[in-house]
Amino acid sequence: MPADLHRSIDAVWRTESPRIIAALMRLVRNLDLAEELAQDALVTALERWPASGVPDNPGAWLMAAAKNRALDHLRRETMLVRKHAQIAQELDGLHDELHAAREAALEDDIGDDLLRLIFVACHPLLSREAQVALTLRLLCGLTTDEIARAFLVPEATVAQRIVRAKRTLGEANVPFEVPRRDELPERLSAVLGVVYLVFNEGYAATAGEDWMRPALCAEALRLGRLLVGLAPDEAEAFGLLALMELQASRASARTGPSGEPVLLQDQDRSRWDHEAIDRGLRALVQAERLSAAPGPYTLQAAIAACHARAADVDSTDWARIVALYDLLGEVAPSPVVALNRAVAVSMRSGPGEGLVLVDALADVPALRGYHLLPAVRGDLLHKLGRGAEARAEFLRAADMARNTRERALLLARAEASAGG
């Protein structure tokens with residue numbers, strides 16, 4: 001198969017597989033089976049598209065192929081076990097649904113299946129680690145290796161978490177539905193967390209050849225808007241929506257003409273989406289109105305708002321950003337928050353002060369394989385005029401990075417530091 005065709009199919013699959021799996025889950029009510037049927041559709045595409053070409057609407061083609069396999073499976077199952085009349089009626093209903101879907105090219109028949117799938121993946125029966133791994137696998141299409149590298153754990157550990165999570169959900173016969181309103185509070189925190197993970201994977205892809213995956217950002221925003229409708233009194237639902245809107249407002253300025261990354265300080269802010277900024281600021285006001293004690297998403301949204309309101313990097317209110325990171329470090333402490341705070345301190349007080357804070361994080365186990373630690377250190381060393389040391393840090397960061405575009409950027413910065 002030609003390499004460009006293989007890349008095209010892979011791109012289509014990464015974008016469409018979450019929708020396909022979610023739609024199949026609604027039909028077959030079994031996560032393993034839904035994934036298997038979706039993979040069958042992909043295999044068929046790999047067999048047929050090299051000869052026939054990629055269809056005009058490849059997502060609809062894959063959805064139709066997968067649903068046909070679901071119908072065949074249900075028919076076989078019904079024949080084998082001779083289920084009672086109610087199942088036969090349900091099968092007739094499925095047949096009618098599939099026929100209508102094929103007639104409509106299956107472009108938009110999933111309703112809120114993705115939201116239902118997230119609630120299934122975030123069921124309280126599962127540990128937080130299992131919820132995250134399962135969501136990234138199902139909704140972001142990440143491989144177990146990519147998830148393992150993102151969270152700095154062995155690949156076998158991630159694989160076990162996913163297998164056990166699916167087994168647990170299957171054995172408990174977890175319904176494929178959005179919980180009742182009185183059940184939302186215990187599930188909402190996990191759901192907000194995984195929606196933000198989906199957004200982050202779109203905003204800065206863990207691996208692959210693209211710096212961003214806009215379809216994932218758009219899907220996370222759609223889900224975020226649904227969530228504030230489901231939970232209109234939850235401050236953090238609005239905080240997350242505000243954060244995603246404000247971050248997404250920079251999307252068109254984050255890449256150059258050839259798809260290369262453009263860092264915040266180099267972005268043309270006239271290309272930021274000011275309608276998205278307005279939506280984000282309104283959501284932030286609502287989050288702050290609903291709770292006097294801001295949560296982690298609301299605090300991060302407030303940080304993003306500082307950037308959104310500033311005309312350029314130099315006029316950014318870095319003192320407020322540092323103060324917000326101080327609060328975030330109390331509400332949701334983590335090494336990544338500490339690293340981001342160090343960057344903000346460097347912008348407020350100079351690279352020397354930032355470097356002291358970054359060096360204090362050097363031995364934190366969770367950051368040992370995190371490529372942004374040496375990347376930040378390289379940036380600060382470069383600003384201090386220590387070119388050779390900066391180059392070594394950028395090269396170390398590039399060696400850790402999994403995203404092709406990000407690796408190229410880090411290598412270019414290493415070269416620039418050597419020249420300086």
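Read-outs throughout are calculated quantities, based only on the coordinates presented, and are distinct from any laboratory measurement. Predicted, not measured: the structure shown is a model, and the values here were computed from it. Quick reminder, even Gly has a Cβ in these numbers, built from the backbone with ideal geometry, and neighbours come from all protein chains shown.
Show me the helices (runs of 4 or more DSSP H) found entirely inside region 112-172 where at least 1 residues are closer than 21 Å to LEU27 by Cα. Full working, then the answer.
Details: elements: 113-121, 128-139, 144-151, 155-172.
Counting at least 1 such residues, we get 113-121, 128-139, 155-172.
State yes or no: is ARG402 crowded, with 16+ Cβ neighbours inside 10 Å and not polar (S, T, N, Q)?
Values: crowded, with 16+ Cβ neighbours inside 10 Å: no; not polar (S, T, N, Q): yes.
Judged against the criteria, ARG402 is not a match.
Would you pick out the residues in region 175-213 that are among the acidic types (Asp, Glu) and either assigned to a helix (DSSP H, G or I) or without any contact (Cβ under 8 Å) to a residue 12 or more places away in the chain (or both)? Show your work before the answer.
Of all residues in region 175-213, those among the acidic types (Asp, Glu) come to 177, 182-183, 186, 201, 209-210.
Answer for region 175-213, where residues must be among the acidic types (Asp, Glu) and either assigned to a helix (DSSP H, G or I) or without any contact (Cβ under 8 Å) to a residue 12 or more places away in the chain (or both): ASP182, GLU183, GLU186, GLU201.
Specify the residue that is surrounded by the fewest Cβ atoms within 10 Å (Cβ to Cβ); the eligible residues are those in region 228-261 that are of a type outside the set (A, V, I, L, M) and in a helix (DSSP H, G or I). Break it down stepwise before answering.
First pass over region 228-261, keeping only residues of a type outside the set (A, V, I, L, M): 229, 232-234, 236, 238-239, 245, 247, 249-250, 252, 254-261.
Of the ones still in play, those that are also in a helix (DSSP H, G or I) are 229, 236, 238-239, 245, 247, 252.
Numbers: GLY229: 9, GLU236: 23, PHE238: 28, GLY239: 28, GLU245: 26, GLN247: 25, SER252: 13.
Taking the candidates together, the pick is GLY229.
Among VAL322, VAL358, VAL364, which is in contact with a Lys or Arg (Cβ under 9 Å, 6 or more places away or on another chain), of a type in the set (Val, Ile, Thr) and more than 19 Å from LEU243 (Cα to Cα)?
Details: VAL322 fails: more than 19 Å from LEU243 (Cα to Cα); VAL364 fails: in contact with a Lys or Arg (Cβ under 9 Å, 6 or more places away or on another chain).
The unique qualifying residue is VAL358.
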